[in-house]
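Q: Below is one structure. I have some questions about it.
The values are calculated or read from the model by the stated rules, or taken from the named source; none is laboratory data. On a predicted model such as this, the values are computed, not experimentally measured, just so you know. Counting neighbours? That spans all protein chains shown, and the Cβs are built from the backbone with ideal geometry, glycine included. Surface accessibility is based on the protein's heavy atoms, side chains included, excluding ligands, DNA and RNA. Shrake-Rupley method; radii C 1.70, N 1.55, O 1.52, S 1.80 Å.
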Amino acid sequence: MSRSTLTAKPSRLRGRDPLALLTTAAVTIGLLGLTTPARADSVVQLAAPAGPVQVNAPYTVTLDIPNSSPDFLGKSNTVNVALSGAAATVTSFQAGNSGWDCEFPNGVTGRCWHPAAFTDPASITLTVLPTAGGTVTVDAEAINFREEAIGHDQVSTQVENPTPAFPFTGFHAPVHNAPAVNSVNAGRSIPVKFSLGGDKGLDVLADGSPSSRQTACDGTATDPVDTGAVSTSGLTYDAATDTYTYVWKTDRAWAGTCRTFHLELSDGTDHVAHFQFR
């Protein structure tokens, strides 16, 4: 009985490039599903601004799935995405006409996938909304049809808290700054004074500002407010003293209650003072 042998005939090897033979063998093995995972950047790619971006300012992250590997097992039909670091959420996505879809139930973790399990190339744009300063990191992990991880990429964006436009340094007398509690007779007009580092015009208050809300009286010691003689002219500015003054007219019905006064400026900052009414 004859025996087969793995020894190649010299006549068949003559003139062949050994490197070409190795390449052919590697391709053959790949077809058998024994190749190592493809390079991460050939399976999934992330791109995002390095920053800084501002808190509450949406930015976009591009998720590319080239699926250019000649090996079917080196192609992905699902990509898991996770956000970490500073608080941020994925608010929307655009997958174009690639046939891919995405879901982010909690805005922080989710996935993008092809509903028909096809491995068509895709470029997906994710919109990310950061809500706190710090570093937002996005991780993407590509999965093949065997549910094997075959690629990973990561990108980070620096997020900054917005710089207040107005250098508010606190309320001026007669109002005492928090955590102090101001004691005043209900029904009196209180001159609320502050400085913004120069004349910023009179359009420095946010819509609906100032305002006040009733709060619980917790027994904190109070500091009396000497209202003196005040006008009821609303917000004014005195260039000689670099002082803004808002005359707050209180209600007699507030006697025996406590309230927190909110001065919200047009730069988004909110400054408070606490009052107890006699």
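Q: Along each of the three principal axes of the Cα atoms of the stretch 163-278, give the extent in whole Å, ordering the values from largest to smallest.
A: So the three principal-axis extents are 37, 31, 23 Å.
Q: With no solvent and one equal point scatterer per Cα, compute the Debye intensity ratio I(q)/I(0) for the stretch 130-169 at 0.19, 0.31 Å⁻¹ and report its log10, rounded to two decimals.
A: At q = 0.19, 0.31 Å⁻¹ the computed log10 ratios are -0.70, -0.99.
Q: Cα convex hull of the stretch 59-108: how many Å³ per residue? The partial results should precede the final answer.
A: Numbers: hull volume 5.3 nm³, N = 50.
It is 106 Å³ per residue.
Q: First measure r as the distance between the Cβ atoms of E148 and N106, then evaluate 1/(1 + (r/R0)^6) with R0 = 25 Å and state the FRET efficiency to the nearest 0.05. Spell out each step's value before the answer.
A: On the way: r = 25 Å, r/R0 = 1.01.
After rounding to 0.05, the efficiency reads 0.50.
Q: What number comes out for accessible area per residue over the stretch 128-278 if the probe is 1.4 Å? Units Å², please. Could you put the intermediate results ahead of the total?
A: Working: 7690 Å² over 151 residues.
Ligands and nucleic acids excluded, the figure is 51 Å² per residue.
Q: Cα extents of the stretch 99-193 along the three principal axes, largest first, in whole Å?
A: Computed over the Cα atoms, the extents are 74, 26, 20 Å.
Q: Taking 0.36 nm per residue of sequence separation and subtracting the Cα-Cα distance, how much length would be gained by fully extending the chain between N56 and D238, in nm to one decimal? If you can, show how the numbers build up before the last one.
A: Numbers: separation 182, 0.36 × 182 = 65.52 nm, distance 3.44 nm.
62.1 nm is the gain from fully extending N56 to D238.
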